[in-house]
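Since the structure comes first, as structure tokens, the remarks are kept for the end.
The values are calculated or read from the model by the stated rules, or taken from the named source; none is laboratory data. Just so you know, these numbers come straight off a predicted model, no measurement behind them. Reconstructed Cβ throughout: ideal geometry from the backbone, glycine too, with neighbour counts over all protein chains shown. Side chains included, ligands, DNA and RNA excluded: accessible areas come from the protein's heavy atoms. Shrake-Rupley method; radii C 1.70, N 1.55, O 1.52, S 1.80 Å.
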Amino acid sequence: MLQIGKAILFLVIGFVFLIKGADFFVEGSSSVAKKLRVPSIIIGLTIVAMGTSLPECAVSVTASITNNNSLAISNAVGSNIFNLMVVCGFCAVFTPLTVTASTMKKEFPFSVICALLLLVLGFFGMTLGHIDGVILIVFFAGFLFWMIKSAQKARSINPEAELDDEIVVDEAEDIKILPVWRCIIYIIGGAIAIAIGGDLVVDGASVVAAALGLSQTLIGLTVVALGTSLPELVTSIVAAKKDEVDMALGNVIGSNIFNILFVLGIAATISPVEFITENIIDIVILVAMSILVWLFAWSKKKIVRWEGVTMLAIYAAYVVYICIR
């Protein structure tokens, strides 16, 4: 019992290190980019946007290196399912989620393609190898380039137009230029905190799984996915209460694309990630859930309260399923 208590403490401390480390790393990196006069739109769509995926990246890379492969895959896939069904579902319960045309026609279909690509790469050979990781990173680089060019084009046509990614761009424009010494401390300190947090979360999750007789896949899909997705959940609920959720679904879709292409791409490039049958099933479920939410969004150009409740109910049923399988 003492061992489980210590492992849970490690998990909590690890999540704090991951989340705060990512905040400091993004703040320091963004300030440096601002000093170098990198346009705010590029900072927002790269450094700021990737900041939300740094916790998942740290956990998956650490799990991959330490041969906790089930945790590496389930963390990324679990975070995507949680973001899509719980974060968006909660927001829709508070207030209808407006969905932009770009999200429905571009980002949403691309997120499904990314999940299918992961499914195909993982299914053949049941391993996400170095080459597979490089393929995902190449797709990720292409996605970033496409987002930046699309945003720049939209602004050049209509400077007053509100972009789908306006939130992260606004964050980038609000970045304060810090002294060089503080930037260095934030970047190095943030990176160290992320690394330590990743180790603590993986170690804690592994001990809890072993002590309770649970699979690492189950722990990764639930506890670890919830912990690494907490920033998105809290931010979205606060925004929903203030009726400021116009971009919520677009941000979740963007984060899900980052989790597959960036997080698993980095993890597999560093160390091959073994797949198990449950991973394949969970990715298929992710694809099915994505298509369902896509249909919800397409029907009325927004996700309403009853659809949000349905999404939460489906997620609850999914948790029951993975607990008993």
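The set of residues from the range 10-59 being closer than 19 Å to Leu233 by Cα, touching an Asp or Glu at 6+ places or on another chain (Cβ under 8 Å) and at pLDDT 80 or above comprises just one member, Gly14. Quick one: in the range 295-309, of everything that is surrounded by fewer than 18 Cβ atoms within 10 Å (Cβ to Cβ), in contact (Cβ under 8 Å) with a residue 40 or more places away in the chain and not charged (D, E, K, R), which residue is nearest to Phe123 (Cα to Cα)? Per the stated criteria, the residue is Trp298. Here the condition is being open to solvent by 30 Å² or more (accessible area, probe 1.4 Å) and either more than 19 Å from Ile237 (Cα to Cα) or in contact (Cβ under 8 Å) with a residue 12 or more places away in the chain (or both); of Thr62, Thr100, it holds for Thr100 alone. For Val234, state whether it is at pLDDT below 90 and more than 13 Å from Leu97 (Cβ to Cβ). Answer is yes for this residue. Within the bounds of the range 141-149, is there any residue that is open to solvent by 30 Å² or more (accessible area, probe 1.4 Å), in a helix (DSSP H, G or I), over 26 Å from Ser31 (Cβ atoms) and at pLDDT below 75? Looking through the range 141-149, none of the residues is open to solvent by 30 Å² or more (accessible area, probe 1.4 Å), in a helix (DSSP H, G or I), over 26 Å from Ser31 (Cβ atoms) and at pLDDT below 75. Which of the residues that make up the range 272-325 are touching a Gly at 6+ places or on another chain (Cβ under 9 Å) and among the hydroxyl-bearing types (Ser, Thr, Tyr)? Within the range 272-325, Thr310, Tyr315 meet the criteria.
Residues in the range 274-288: is at least one open to solvent by less than 20 Å² (accessible area, probe 1.4 Å), under 21 Å from Leu312 (Cβ atoms), assigned to a helix (DSSP H, G or I) and in contact with a strand residue (DSSP E or B) (Cβ under 6 Å, 6 or more places away or on another chain)? Within the range 274-288 (the criterion being open to solvent by less than 20 Å² (accessible area, probe 1.4 Å), under 21 Å from Leu312 (Cβ atoms), assigned to a helix (DSSP H, G or I) and in contact with a strand residue (DSSP E or B) (Cβ under 6 Å, 6 or more places away or on another chain)), the answer is no, since none of the residues qualifies. It is to be established whether one or more residues within the range 254-261 are among the hydroxyl-bearing types (Ser, Thr, Tyr) and under 29 Å from Val202 (Cα atoms). Yes, some residue in the range 254-261 is among the hydroxyl-bearing types (Ser, Thr, Tyr) and under 29 Å from Val202 (Cα atoms).
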